[in-house]
Structure formats: structure tokens, C-alpha cells
1. I'd like the orientation of helix 120-129 relative to the chain: the angle between its Cα long axis and the longest Cα principal axis, in ° from 0 to 90, rounded to 10.
2. Quick check: from the Cα gyration tensor, does the range 20-263 come out rounded (a/c under 1.5), prolate or oblate?
3. How would you rank 297-306, 222-231, highest first, on the average number of other Cβ atoms within 10 Å across their residues?
4. For the chain, what does -39500 (n - 2.57) per DSSP helix run (n ≥ 4), summed and divided by total residues, give at 222 nm, in deg cm²/dmol to the nearest 500?
5. Given Cα pairs under 8 Å that are at least 6 residues apart, what percent is the relative contact order of the range 254-316?
6. Take each of the peptides 68-77, 260-269, 152-161, average the number of other beta-carbon atoms within 10 Å over its residues, and list them starting from the highest.
7. Assuming a ≥ b ≥ c are the square roots of the Cα gyration tensor eigenvalues, decide whether the range 242-392 counts as rounded (a/c under 1.5), prolate (otherwise, with a/b larger than b/c) or oblate.
8. Sort 251-258, 13-20, 172-179 by packing, meaning the average of other beta carbons within 10 Å per residue, with the highest value first.
Amino acid sequence: MKYQSGRHFLQIPGPTNVPDRVLRAIDRQTIDHRGPEFQQLGLDVQKGLKRIFKTEGTVIIYPSSGTGAWEAALVNTLNAGDSVLMYETGHFATLWMTLAKRLGLNPEFIPGNWRTGVDVSVLEERLIADRSHALKAVCVVHNETSSAITSHIALIRKTIDRCKHPALLMVDTVSGLGSIDYRHDEWGVDVSVSGSQKGLMLPPGLSFNAVSQKALDASKKATLPRSYFSWEEMLGPNKNGYFPYTPATNLLYGLREAIHLLEEEGMDNVFQRHIRHGEATRAAVNAWGLEMPCKNETEFSPALTAVVMPEGHSEIAFRKLILERFNMSLGSGLGKFTDKVFRIGHLGDFNDLTLLGALSGVEMGLTLANVPHHKGGVDAAMQSLERVYQKK
Ligand SMILES: *Cc1c(COP(=O)(O)O)cnc(C)c1O
């Protein structure tokens, strides 16, 4: 491929743009992962991640994609044939359910239409009906990246507690952590699952489990086979900053730096920035007159926006045109949204002008692809962004 001048716009909802400071941090010699220099790195990233997950408990780091951490959450806590309650918020919830099935679990999948987050009244009904406590875990996706819909985790916890149900609460926050407020301890999550390449602004290759005491206790009795993903194997060496096998050392350099960046900006400022960019993007989509899958005002994702293509128009052709003309990658439609919905990622290393650049590319693309729409989306986004500063 020929050189294309200017920066590529990577506006998919993960992997996200990697900040230069993180790239520089990764660009170093790999060191002995059993030596003293590594020990400090190992301890630093464990401590830093606890602050990011907002937990006093344990955070385990795997050299794997987020999918590995999904598997780890299940195999460490459950037994073959266990029933688990999962909720169809979209494609990622479906993938996690399929993975659970392959592991020999018995997932009960509450059907959803990919247009709302977890409906806690449906959850409550199911938990109340489970008098024998056959359900061992409730597994939900915090930020469903296929439909751009968030679920209210604190509310889900309250619902489980109100039902006095002992199931573990497991939450996929692969695309939420580091861009949307997340509180592992306060929300009473037992296992949080995340990954490196979304809100944490790292390349792909690391995944995480934040683990409550209750989940650790469950892991002592759980009998699903596990080896590479075994928490127990990790916890021993982790105490001193080490790993049972060769860790992804250079990504850990990057992780340490990414945590610095998030904390320099201030986590609350990071969350506010994502909320603002979500609002501005929706202002643009509304001005274009296009539809978004999300039906509940309180469930719009601050991290990305999904847009429904008008009938008879292909999102695949639309994204291809935008890539060729404007050197920008947009997120594809996943699962049943294939060729129907495209996604604008606005998470990670991102600012007002990057957002306006991305939205300009989308608006020009709509014109060039002859997609019926109104002009003025970028203007609406600018006004939305300006309003925040005018209020001050
Ligand atoms: C990206 C993503 C995953 C999967 O992560 P991989 O790193 O691709 O394995 C899981 N859940 C959600 C919500 C995601 O956005």
C-alpha cells in the first residue's frame, strides 16, 4: 500500500489510538521477568489497576485478548453444568454466552432486542423464580460495544440483593473501563472482565479479572478444569510482582504509562470527556436524521455511537468508501447488525477536534455514498461541544 499522508483515523471502538507516550514506554528492551527491575513494574501495574477498577481486592493480568478474561472468569468460579443467567444486550453478550456453553456450563440467555440494556425487572422476576438458587452467576455486559448501549451495574447489584440471591455477579467492562465510570467494590461486582485495547489506550494483548473475596472463595471449590487461566497459579507469584509464566513485559510498560496518563487527566475528567463526546456525536446523528439502536435516553454509551443505515444502504460499502477517501476506519456492524449498523468509536486518546474530524468524514461519506440525510451534523456537534465551555 502507498504512503498516505496525515494520520489514519482509527475510529473503531477498539483497538483505539495509542498515545505517543504509551508507544514510547513500550519501545524499550525487554527485561528479565524474574529479576528485580520487573518486580517493581509488576507491583506498579497491579496497584495502578486496582485504582482504575476502584477495588481494594485482587486484579489479575493475562497475556490474552479480552476473550481470555471472559473464559478465566467462568472457569475459576464454576462447575461443569452450572446454570448461569446471561442477558442478550448484543453481540458481545451473545459471544460470552456461546463461550460459556462450550465450557460445559448451562447458560440461560434472557432474550433482548439489542436496543436496551439489562432490564432489571426481567432479571428480578427470574431470580425470584429461582427458589433453589440453581443459578450460580449473573453475567452482564457493562458497555455493549455492538449496540452502543450501557447497562446500570449498581442497579443490577441492588436487584440481586433485593432478591437475596447468592449468585456471583460477573461484569464484562472490556470497552467500559477507562472511559466510563466503573466501581468494582462499590457496585459489589464479583468478577470484572476487561482488556487493554479500548479505554486503556494500549495495543491489544492484555486482559484483566478484578476479583472479589466471594469469587476467590468460590474459586477454591470450583472444579471446571483450568491451568493457564488459573487464578491460584497467578496469585502466588503476583504477591511479589511476578508471573507464573512469561508476561507481556512491554505491554506492561505501556500499561504503567497509560495509567499515569489517565490519572494525570483525572479519572472524573476522563469520564466527563467521554460523556461530552457521546452527546456531541448524538447531536450530529440526530441532525443527520439517522437512527440509533439505543431506545433509552439513560443507556446511550459515552464510549461509542452506533448508527443504523437507512434501508437499502450498506454499511460495509459506506465504511469502505470512507476508508478509501478519508483514511478513516469506522466500526462494522456485528452479528445481526452486519451491513445494517456502523459504529463511531469516541473512546480512548481523543479530543474535541479529533471528534469533529471523524464526524466530518462521516458526513462527507454520507453525501458521497448518496445516503439520504440532512446536512449540519458537524455544526450540531460543534454547538454541543461549545455549550460546555459557554456554561463556565
Ligand atoms: C472487545 C470486546 C470484547 C472482546 O475482547 P477481545 O479482546 O476482542 O477478545 C468483549 N466484550 C466487549 C464488550 C468488547 O467490546
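1. Taking the Cα atoms of the chain, the angle to 120-129 is about 30 degrees.
2. Numbers: a/c = 2.06, a/b = 1.59, b/c = 1.30.
Prolate.
3. For the peptides 297-306, 222-231, the packing ranking is 297-306, 222-231.
4. It lands at -13500 deg cm²/dmol.
5. Reported as a whole number, the value is 30 percent.
6. Going from most to least packed, we get 68-77, 152-161, 260-269.
7. Because a/c hits 1.5 or more and a/b fails to exceed b/c, the range 242-392 counts as oblate.
8. 172-179, 251-258, 13-20
Just so you know, all these numbers are worked out from the coordinates, no wet-lab data involved. Because the structure is a prediction, the values reported are computed rather than measured. All Cβ positions, glycine included, derive from the backbone under ideal geometry; neighbour counts span all protein chains shown.
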